[in-house]
Amino acid sequence: MSFKNEYLNNLMQEVERKNPAEAEFHQAVKEVLESMEAVIERNPEIQEKGVLDRIVEPERVIMFRVPWVDDNGKVQVNRGFRVQYNSAIGPYKGGLRFHPSVNLGIIKFLGFEQIFKNSLTGLPMGGGKGGSDFDPKGKSDTEIMNFCHSFMRELYRHIGPNTDVPAGDIGVGAREIGFMFGMYRKIRNEYTGVLTGKGLNYGGSLVRKEATGYGACYFTDEMLKARGESFEGKTVVISGSGNVAIYATEKATELGGKVVALSDSSGYIYDKDGIKLDTVKQLKEVERKRIKEYVKIHPEAEYHEVSDGSIWDIPCHIALPCATQNELFLEDAKTLVANGCIAVAEGANMPSTPEAVDYFIEKGVSFGPGKAANAGGVATSGLEMSQNSLRYSWTFEEVDEKLKQIMKNIFESCHTTAKEYGYENNYVIGANIAGFLKVADAMIAQGVI
């Protein structure tokens, strides 16, 4: 697709030329650039100062090997990444993802998105992302420790509390953060807030585990209020069954919704009477089992393999894709709309394809893009950084209230900015422009660096 604006069109072509075979990265950049036409018309300095030309290029890309020894004494080698994308408004901040699908293009897409997400929180955090193609599934605690220690023996050179503060993401929870933090502390001989998502006994924050899921629901609640609706009495479908999905289920239920479906990479469960969250937490957080085990405990529920159809076939009023990128396609969007869905908020990063997003907006569905709707996780990471700096801890209620206000502010920023630029209720454009302008102003103020 070509842009109407020649400058944006040429820039997109240059991004594709310089970053071949990185489809997710191209997708993320294109979505942002599509929102920029009105911005550069009003602010010609952005083009003159090459802000967009610079922002699509990461400040630093780090790639390294990660050798480790498995339980059989065999040496394994994975590849590690850290993309430090933009530090104009603060130290790089963004998660680490351990998953076989991880490659440089995936990390660049996530890091690019993180720039605008972090900007929207209102906290002083730049954008970054990292990870490895290591798969924690099926590995023993010892193997995971060996890998995490090896990973940190290289990463420690590039991070620090005022430089780059990684967090968790897919495949990286409290266990992995703990192993990495221990190695960092050992190597550097210092105790700092260099990682977020830490255990509560060594610098972690209350609500961090719940934050992304809670935040997605707080954002959704604001979208619903804007159209005179609420969660009360609504049927909710949530993809995924990891950290984000579990706590989105918890908050959606607390707000009056009924969550009837969750999924993992193998398939999905449907419980018409409402998901029993205690069972899901036991299976996923304690026993680390597949979601299909749910039906053994609750035989009245249904389990469907991936080949049996999509979780989005289930009729619902609210859909929260919380699994992974590009999991909700145009046909899924059509099905959701036909079945009466009025709101979609992305708990994962870019889970909806561009065609699906366009269809939701065309049909008047309130759509919350990931860089806004799932910003609760990094917002609470920012609050953890603040507590580490203060050597102080806030209560659960205090952090939750701060999170709720941040998500409300993000919604207001998206809503107001979209209206100002002539795209009322288009929260994709609102989020892109609002997130961008803050970073652009900082980049212009600091000169060409």
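No value in this document is a laboratory result; all are computed from the given coordinates. Quick caveat: nothing in here was measured; it's all calculated off a predicted structure. Virtual Cβ from ideal backbone geometry, glycine too; neighbours counted across all protein chains shown.
Observations on the structure shown:
- Rounded, prolate or oblate (a/c below 1.5 giving rounded, otherwise prolate when a/b exceeds b/c) for the chain by Cα gyration tensor: rounded
- Taking other residues whose beta carbon is less than 13 angstrom from the beta carbon of Arg97, and scoring Lys, Arg as +1 and Asp, Glu as -1, yields -2.
- Each peptide in 205-212, 360-367 receives the mean, over its residues, of other Cβ atoms within 10 Å, and ordering these scores from highest gives 205-212, 360-367.
- Net charge of neighbours whose Cβ lies under 15 Å from the Cβ of Gly435, counting Lys and Arg as +1 and Asp and Glu as -1: -3
- If you bin all the Cα-Cα distances of the range 6-55 at 5 Å, starting from zero, the percentages per bin are 5, 20, 34, 24, 12, 6, 1.
- Cross-linked pairs Lys18/Lys129; Lys129/Lys284; Lys93/Lys284; Lys74/Lys186; Lys234/Lys276: Cα-Cα separations exceed 22 Å for Lys129/Lys284; Lys93/Lys284; Lys74/Lys186.
- Cβ-based net charge around Gly160, under 14 Å, with every Lys or Arg adding one and every Asp or Glu removing one: +4
- Counted residue by residue at 0.36 nm each, then reduced by the alpha carbon distance between them, the extension gain from Glu254 to Asn409 reaches 53.7 nm.
- Protection proxy ranking of 242-249, 267-274, by the mean of other Cβ atoms within 10 Å over each peptide's residues and highest first, is 242-249, 267-274.
- Between Gln76 and Asn189, the modelled label-to-label distance comes to 3.3 nm, taking each label 7 Å out from Cα in the direction of the beta carbon.
- Net lengthening on full extension, Lys30/Asn339 (0.36 nm per residue, minus Cα-Cα): 108.3 nm
- The peptide list 37-50, 189-202, put in order of mean Cβ contacts within 10 Å with the highest first, becomes 189-202, 37-50.
- DSSP H segments from the chain that extend 24 Å or more along their own axis, Cα-based, with Kyte-Doolittle mean of 1.0 or above: 427-445
- Lys, Arg +1 and Asp, Glu -1 on Cβ, resulting dipole of the range 215-358 about Cα centre, debye, nearest 20: 300
- Label sites at Lys419 and Val61, each approximated as a point 7 angstrom past Cα along Cα to Cβ, lie 4.1 nm apart.
- Ratio Rg/Rh, restricted to the range 211-373 and using Cα atoms, in which Rh is the Kirkwood radius: 0.93
- Using 0.36 nm per residue and subtracting the Cα-Cα separation, the extra length available between Thr395 and Lys49 on full extension is 120.1 nm.
- Whole-number D in µm²/s for the range 339-431 (Stokes-Einstein; Kirkwood sum over Cα pairs; 10 °C, 1.306 mPa s): 109
- All Cα pairs of the range 60-191, percent lying beyond 22 Å: 32
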